[in-house]
Amino acid sequence: DSQLWLTFTFSGKFTNNLSASIYENIRLGDDAKDFYYSETAILLDWTPRPWLTLGAGYTEAKNKKTKTLYDASGAEVLDEYWEYEHQPNVSVTFKGAFSGWKLDDRTRVEYRMKENTQDYFRYRNRIRLISPWKWTALKINPRTYYELNLSDLPNDVDWEFDRQRFYIGATLSLLNHINGELYYLKQLDWTG
């Protein structure tokens, strides 16, 4: 399935080391024809040292599900509905640089409160490598990420690896305060 994921982020600083952001993530599946996922998040980040950022946030997500129903004649009818999730989270990000390259390692712990399932924790570790290059007037900046998820799924199994993602892409500066990012994402789910 080829999908289109769109994320819109608005961010600003309260002080030199305290910032906030709000983002909306929209996903279209079935070869980018079917709107099936949306999440809205509010995040606060505090950077006490240039190499350390501490964060806290809250995410509201909805995921479209399908169930099979039967009409009065016994014919199968597919019914679509939205499943909601509430997700407080905390994160710690370590940052460094060498020869112009930037490297950061973000660890995030989420408490997932999903409808119709037991609440559980998810640990996410994302390593991001940002190149020193900025090409053209758009300041195209290549980068790559790797993220691994470990969840305490509600099936009475101890923590297990359930997802990994590989990203490769670039950011670009569209206007003075408007940036964009284009990337290719390969996601591997081990639970389905």
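The values are calculated or read from the model by the stated rules, or taken from the named source; none is laboratory data. Just so you know, these numbers come straight off a predicted model, no measurement behind them. FYI the Cβ positions are ideal-geometry reconstructions off the backbone, even for glycines, and counts take in every protein chain you see. SASA here: full protein model, heavy atoms, side chains in, ligands and nucleic acids out. Shrake-Rupley method; radii C 1.70, N 1.55, O 1.52, S 1.80 Å.
A 31 angstrom limit on the alpha carbon distance is what I want to check against. Which of Lys114/Lys139; Lys65/Lys186; Lys33/Lys67; Lys13/Lys65 exceed it? Violating the 31 Å Cα-Cα cut-off are Lys114/Lys139; Lys13/Lys65. Summarised as an ellipsoid, region 1-90 has semi-axes of 39, 14, 9 Å, derived from the eigenvalues of the Cα gyration tensor scaled by 5 and square-rooted, with the largest first.
Quick one: if you stick a label point 7 Å off each Cα along the C-beta vector at Phe166 and Val92, how many nm between them? Once both label points are built, they end up 2.9 nm from each other.
Rounded to the nearest 20, the size of the Cβ-charge dipole of region 1-157 about its Cα centre is 1280 debye, with Lys and Arg at +1 and Asp and Glu at -1.
Mean sequence separation of contacting Cα pairs (under 8 Å, at least six apart), scaled by the length of the chain, corresponds to a relative contact order of 10 percent. Candidates Thr117, Asn141, Leu4 compared by Cα position along the dipole of the chain: farthest toward the positive end lies Asn141, with charges placed on Cβ. Computed from the C-beta positions of Ser131 and Thr40, the FRET efficiency with R₀ = 45 Å rounds to 0.90.
The heavy atoms of Arg165 present about 10 square angstrom of accessible area, all protein chains included, probe 1.4 Å. Taking Cα centroids, how far is region 35-56 from region 108-150 in Å? Answer, in whole Å: 11. With a/c under 1.5 counting as rounded, go ahead and sort region 52-129 into rounded, prolate or oblate using the C-alpha gyration tensor (a ≥ b ≥ c being the square roots of the eigenvalues; past the cut-off, prolate if a/b is larger than b/c, else oblate). Taking the square roots of the gyration eigenvalues as a ≥ b ≥ c, region 52-129 is prolate. Calculated accessible area for region 18-128 comes out at 59 Å² per residue, all protein chains present (probe 1.4 Å; ligands, DNA, RNA ignored). Cross-link partners of Lys134 among lysines, defined as those whose alpha carbon lies under 21 angstrom from its own and excluding same-chain residues fewer than eight positions apart: Lys95, Lys102. Kirkwood's formula applied to the C-alpha pairs of the chain gives a hydrodynamic radius of 19.0 angstrom.
Temperature 25 °C, viscosity 0.890 mPa s: under these conditions the Stokes-Einstein estimate for region 1-54, based on its Kirkwood radius over C-alpha pairs, is 190 µm² per second.
Rolling a 1.4 Å probe over the protein heavy atoms of the chain, with every protein chain left in place, gives an accessible area that is 58 percent carbon and sulfur. Dimensions of region 104-192 along the principal axes, based on C-alpha atoms and rounded to the nearest Å, stand at 53, 22, 21, largest first. Considering the options Gln187, Ile168, Ser151, tell which one lies farthest towards the positive end of the dipole of region 143-192, charges being +1 on Lys and Arg and -1 on Asp and Glu at the Cβ, about the Cα centre. Most positive-ward Cα: Ile168.
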